[in-house]
Every structure is written in structure tokens, then in C-alpha cells.
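What follows is a set of notes on a single structure, which appears directly below.
FYI, it's all coordinate maths here, none of it is from the lab. Here the structure is a predicted model, which means the values were calculated and not measured. We place every Cβ from the backbone using ideal geometry, glycine too, and count neighbours over all the protein chains shown.
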Amino acid sequence: MIKRTLGASGLEVSAVGLGCMGLSFAYGPAPDKQDAIKLV
């Protein structure tokens, strides 16, 4: 898995991540907060 250093923290994170923009407003009404938490 490809990893990258996150800012100046030195923390290594995977290059692949979960985009959560769709859980807010971008694609229509936001889902129920509890449903969004379960998904993540």
C-alpha cells in the first residue's frame, strides 16, 4: 500500500482514503447523522 507523510507531523497515512463529501450537502440532503456515523 502506498503511504504518504501527513504534513509536518511525520504521521504516515495510506494514499487511498474515504471521501465523505457526499455525507454533507454536495449530492442532495445530508443523511441522518447516526446513519452517516455507522457508514464511516
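For the chain, what does -39500 (n - 2.57) per DSSP helix run (n ≥ 4), summed and divided by total residues, give at 222 nm, in deg cm²/dmol to the nearest 500?
So the calculated ellipticity at 222 nm is -4500 deg cm²/dmol.
Can you work out the Karplus-derived ³J(HN,Hα) for every residue in region 31-40? Use 6.51 cos²θ - 1.76 cosθ + 1.60 with θ = phi - 60°, whole Hz, and x for glycine or proline.
Computed from phi, the couplings for region 31-40 are x, 4, 4, 5, 5, 5, 5, 4, 5, 6 Hz.
Compute the signed sum of charges (Lys and Arg +1, Asp and Glu -1) over the other residues within less than 14 Å, Cβ to Cβ, of residue 16.
Once all neighbours under 14 Å are counted, the net charge is +1.
Going by how many other beta carbons lie within 10 Å of each one, how would you line up 23, 6, 18, fewest first?
Ascending number of Cβ neighbours within 10 Å: 18, 6, 23.
Show me the three semi-axes of the equivalent ellipsoid for the chain, from the C-alpha gyration tensor (sqrt of 5 times each eigenvalue), largest first, rounded to whole Å.
Values for the chain, descending: 28, 11, 10 Å.
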